[in-house]
1. Of everything in segment 277-291 that's charged (D, E, K, R) and assigned to a strand (DSSP E or B), which residue is surrounded by the most Cβ atoms within 10 Å (Cβ to Cβ)?
2. Condition first: free of Cβ contacts under 8 Å to residues at least 40 places away in the same chain and of a type outside the set (S, T, N, Q). Now tell me which residues in segment 249-258 satisfy that.
3. Can you say whether Q261 is surrounded by 15 or more Cβ atoms within 10 Å (Cβ to Cβ), in contact (Cβ under 8 Å) with a residue 24 or more places away in the chain, in contact with an Asp or Glu (Cβ under 8 Å, 6 or more places away or on another chain) and of a type in the set (S, T, N, Q), as far as the supplied structure shows?
4. Of everything in segment 166-196, what is closer than 26 Å to R141 by Cβ and either open to solvent by less than 80 Å² (accessible area, probe 1.4 Å) or aliphatic (A, V, I, L, M) (or both)? Give them in sequence order.
5. Where residues in segment 370-396 are aromatic (F, W, Y) and surrounded by 17 or more Cβ atoms within 10 Å (Cβ to Cβ), which of them is nearest to V469 (Cα to Cα)?
6. Please state which one of L453, L444, L457 is open to solvent by 30 Å² or more (accessible area, probe 1.4 Å), assigned to a helix (DSSP H, G or I), aliphatic (A, V, I, L, M) and touching a residue at least 24 places away in the same chain (Cβ under 8 Å).
7. Suppose we filter segment 351-369 for residues that are open to solvent by less than 80 Å² (accessible area, probe 1.4 Å) and either in contact with a His (Cβ under 6 Å, 6 or more places away or on another chain) or over 12 Å from L457 (Cβ atoms) (or both); how many remain?
Amino acid sequence: MWKRNFVHILQLLESKHYRYLSCARLQTKNCYSAKTNLKSSHQHVLTARKHETKNKIIENLNISDINTFSYRTHTCGELRSDQVGQKVTLCGWVESVRLSKFLLIRDSYGLTQCLINNSDISFSDIPLETIVMINGTVAIRPKDMYNSEMATGEIEVIVDKIEILNNVEKLPFNLRNYQKPKEQLRLQYRYIDLRFPEMQNNLRQRSILLHNMRKFLIEKHNFVEVETPTLFCRTPGGAREFIVPTHHPGLFYSLVQSPQQFKQMLMVGGIDRYFQVARCYRDEATRPDRQPEFTQLDIELSFTNLDGIVDMIEQLLKESFPRDLPQLPFKRMTYRDALENYGTDKPNLTYEVKLKNVTSLFAAQHNEPNFSAFILPYSRKLGKLSSKYKEKINDLRKKYNVNIILNENISKVIGDDIHSQIKCINGDENDSILAMGDRLNVCLCLGDIRELLAPLLKSKNILKCRNSVEPLWVVDFPLFVKGENGLETCHHPFTAPHPEDLHLLDSDPLRVRSLAYDIVLNGNEVGGGSVRIHNAELQEKILQMLNIETSNLHHFINALKSGCPPHAGIALGIDRLIAIACNAESIRDVIAFPKTHEGKDPLSGAPNEVNDEDKKYYHIKSI
């Protein structure tokens, strides 16, 4: 019976109707294997793939076929001892040539060693990184030549034929980790740099992360993915935006810094569960964790509150983030506690160093309303700081305009009595750095010093840092902060005030908390959001308090007046998330084609000059 079934399937595979179906490799000489597979035909699907030279029947393993639609039969990281004796076709880059008979080829999935025993095959003059196609037979390596560092280290391919698919010219750098060029050169030739295994891994991890996020949102919770415009009008009260000229004189678009207004208007329109993998643009200075164009997972939800968004994001990250996360729920901390304990609103919880408030020790000397004194403890084993670190601390002192006193000078400056009290608070095993001045600036300054000293303490095995991922929610941010020209928003002007503090809006606005929240991983803010203002009257009041002109927001205010449901949302920074997941030093290492520190593209030279004809068409001129 099984023979008749097998013949019938072969006939189907040869028919015109089935010749474009992809299928798994089967060797017709392996009849017993075919019989076994046919007995479990509900679990193994036989399909056919027609190559230019001959039909091949392949056995479908329980993995996705990454060779579908390709004329290779396997990747360079796929072959194992199970395939010994099979005829295979591999394609890839020439990684190395040695002893005039071994050829190592590489693709995006791994390395395979190829052995050339045929003197008619010439390959000694093939330049490294040339693209080749290898036809040959899989063989087992001698046991004393196994390579445990290679996934394919037990086998090699005996070459029958080499075909050069594309010769390579001299490359600007070698693809060797020990010869890795400086980042500027890597970015200039990014198409070559992408071949490094680290870049391959980072981009594939990024793809998997986004795929899993989409599965969670769409398949499990019925969210709708909606694309919103990139060209829009300027959003007041936010980051500086890029403007885009048009051929209409004096009229410009702005590139959106986020889909904020659009996603809130989607809530008005009844798209109650929205998300988007959104491209966003900000004309700001770049940093290791910031680019002028970036990607965020943008989410908005109707009829929810802070707890609903927090619960959703925790489950989303638990199911999609490629590294282990702690049990739910994640830790929460108020903005005030984060600032006074860690000197930042994005604390790194992987090491236990906290600021300590010693303001009460100076009550007799300072009665200014905003005066504060805090100390940063650190292990006495470190000893005196070097001049290098003293200079950096002095720079931070100037930046925040506070008084910094190093441990060895505390007694000289403030006296033995207060110093002895500080020692009691600090513990016998610790020294400390004292900061005095404005409370916010004191905490921020010591927070930066904490981050400065942590790597030094860790390098000397004085400070234990966990390698785990430590997520944290920071809540109860202030709604406003004091700016040079009045009130400024702490998050953005569409953030709702905390209902318990509404009575303070007119009398003491700086004490009003917001319903904003940030999620922090190991000292990196990877997401932020808020409960939104859905009442038009309250929205207009907040805009007036921020001195924001509402003429460009009539469409938005009218939307709120049109029956807007209560709603909240969040945006997760995909670049930062995957950088943490991959232990990358910079988000540039997880972006295919990033910009430099100056916001430039070394690959193309952008931004470029515009010719006179385009300037005339767009009614612009350079000054």
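The values are calculated or read from the model by the stated rules, or taken from the named source; none is laboratory data. The structure presented is a predicted model; accordingly, all values stated were derived computationally and were not measured. Here the Cβ is made from the backbone with ideal geometry for all residues, glycine too, and neighbour counts use every protein chain on show. Keep in mind that these areas ignore ligands, DNA and RNA; they rest on the heavy atoms of the full protein, side chains included. Shrake-Rupley method; radii C 1.70, N 1.55, O 1.52, S 1.80 Å.
1. Out of the qualifying residues, it is R290.
2. Scanning segment 249-258 gives L251, F252, Y253, L255, V256.
3. The answer is no for Q261.
4. Restricting attention to segment 166-196, the residues satisfying the condition of being closer than 26 Å to R141 by Cβ are 175-178, 195.
Selection gives L175, R176, R195.
5. By that ranking, first place goes to Y378.
6. Working: L453 fails: open to solvent by 30 Å² or more (accessible area, probe 1.4 Å); L457 fails: open to solvent by 30 Å² or more (accessible area, probe 1.4 Å).
When all the criteria are applied, what remains is L444.
7. Count: 8.
Conditions (1) exposed (fewer than 14 other Cβ atoms within 10 Å of the Cβ); (2) more than 23 Å from Y342 (Cα to Cα); (3) polar (S, T, N, Q), marked per residue:
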| site | (1), (2), (3) |
| --- | --- |
| G529 | no, no, no |
| E537 | yes, yes, no |
| A559 | no, yes, no |
| A581 | no, yes, no |
| A592 | yes, yes, no |
| K600 | no, yes, no |
